[in-house]
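Input: a single structure, listed below in structure tokens.
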Amino acid sequence: MSIISKDISKAVALLNQEKLVAIPTETVYGLAGNIFSEKAIDSIFKTKQRPLFNPLIVHIPSIDYLETIVARIPEKAKLLAEAFWPGPITLVLKKKEVIPDVITAGKDTVAVRIPNHPTTLELLKQLDFPLAAPSANPFNRISPTSAEHVESYFKNDIKMVLDGGTCTSGIESTIIGFENDEPIIYRLGSTSIEDIENIVGSVEIKNKKNSVPNAPGMLARHYAPNTKTILVTDISDAIKQFQGKNIGILAFENEIKNKAIKFQIVLSKTGNVSEAATNLYSALHQLDEQDLDIIIAERLPNHDIGKSINDRLQRATK
Ligand code: AMP
Ligand code: MG
């Protein structure tokens with residue numbers, strides 16, 4: 001029997017029993033549990049096989065709730081929350097004692113956001129606690145952007161995927177921390193740097209492994225298909241190096257005409273980077289199912305969400 005259901009009250013009941021429910025958000029599906037339940041949080045790490053040094057994002061119902069869990073809100077954090085929540089931006093702030101250490105991997109900061117999905121906002125309203133919800137995929141695998149993706153990963157491990165359709169933003173939230181109250185981007189994501197800088201002025205980016213060693217979203221290899229994947233600027237040129245192989249193509253805007261190609265997906269026929277983001281993980285899931293020898297992905301224009309997609313594709317390569 002399918003574990004996919006639209007029944008919010010069933011999700012509430014399971015979460016109140018310290019069980020896990022996969023939930024829809026605008027970015028990707030999350031594997032959610034009560035942040036105050038040791039049992040639920042332990043299940044999240046075990047189910048995902050996620051290393052304990054990798055902290056979880058806390059999903060809250062409203063800006064007002066922020067004071068319950070964070071000790072200090074810098075002025076620019078307030079501006080960003082007001083501008084983008086509910087939405088795909090995560091703020092890393094000094095935590096209050098109520099936040100268990102296992103959520104933050106022992107750090108004195110907590111990552112928090114309000115997701116922009118009507119089903120999950122309703123769910124959060126009906127609960128007495130926030131939800132920890134890392135992406136609902138086994139550690140290092142492609143993030144799920146549909147209820148079916150989650151079901152194929154975890155049908156034997158969890159009781160329910162709350163169905164909210166296909167995720168509209170398609171890649172994870174942008175993560176912002178604060179150093180001396182100034183915003184720093186720790187992970188590129190669904191909110192563009194351009195939009196962020198419109199609100200708070202210029203921001204520094206520190207998304208390399210050596211600058212944020214405890215942040216596995218920044219690991220050099222992450223978000224990866226099983227099939228060998230490369231990221232290139234010129235697809236036709238790259239195809240020449242794989243003569244006789246089963247070649248899959250992930251193109252941005254224009255279909256590549258070449259007989260050597262076995263399977264091809266174009267991310268956005270109108271060349272729209274946001275549409276490309278929406279389709280990215282689903283395309284990688286499909287390519288990975290085709291029994292290919294190589295996936296050749298085309299680098300996107302390096303602006304707006306194109307930058308975040310290039311970041312994910314780089315981490316998908318091996
Ligand atoms: P996800 O796996 O998409 O839920 O993202 C979780 C990511 O949030 C982690 O891998 C970290 O990169 C980041 N994160 C969570 N909490 C913190 C924190 N306290 N400090 C810095 N980064 C954090
Ligand atoms: Mg993840």
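The values are calculated or read from the model by the stated rules, or taken from the named source; none is laboratory data. The model shown is predicted, which means the values in this text are computed figures rather than measured ones. So basically every Cβ, Gly included, is an ideal-geometry build from the backbone, and we count neighbours across all protein chains shown. Please note that ligands, DNA and RNA were not included when accessible areas were found on the heavy atoms of the full protein model with its side chains. Shrake-Rupley method; radii C 1.70, N 1.55, O 1.52, S 1.80 Å.
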Heavy-atom accessible surface of the chain: percent carbon and sulfur, 1.4 Å: 47 percent
Segment residue 6-residue 263, extension gain: residue separation times 0.36 nm, minus the distance between their alpha carbons: 89.2 nm
Net charge of Cβ neighbours under 12 Å - reference residue 6; Lys, Arg +1; Asp, Glu -1: -2
Area projected by the alpha carbon convex hull of the range 1-49, averaged over all directions, nm²: 4.0 nm²
Test item: Cα-centred dipole of the range 1-60, Lys/Arg +1 and Asp/Glu -1 on Cβ, debye: 140 debye
Average accessible surface area per residue within the chain, 1.4 Å rolling probe, Å²: 43 Å²
Shape call, the range 1-117: gyration tensor on alpha carbons, a/c limit 1.5: oblate
Global geometry of the range 123-278, whether rounded, prolate or oblate, following the gyration tensor of its Cα atoms and the 1.5 cut on a/c: oblate
Relative contact order of the range 49-155, pairs being alpha-carbon contacts under 8 Å that are 6 or more residues apart, as %: 34 percent
The range 62-143: GluC sites (Glu not before Pro) in DSSP coil with no more than 10 other Cβ atoms inside 10 Å: 97
Bins of 5 Å, starting at 0 and running to the largest distance - Cα pair percent for the range 86-172: 3, 11, 19, 22, 22, 16, 7, 1
Two-decimal ratio, the chain, of alpha-carbon radius of gyration to 2.2 N^0.38 Å: 0.99
Environment charge of residue 108, counting only residues whose C-beta is closer than 12 Å and scoring Lys/Arg +1, Asp/Glu -1: +3
Net charge contributed by nearby residues that have their C-beta within less than 13 Å of residue 271 (K/R +1, D/E -1): -4
The chain: relative contact order in percent, alpha carbon pairs under 8 Å with at least 6 residues between: 19 percent
Kirkwood Rh, Cα atoms: Rg over Rh of the range 250-293: 0.98
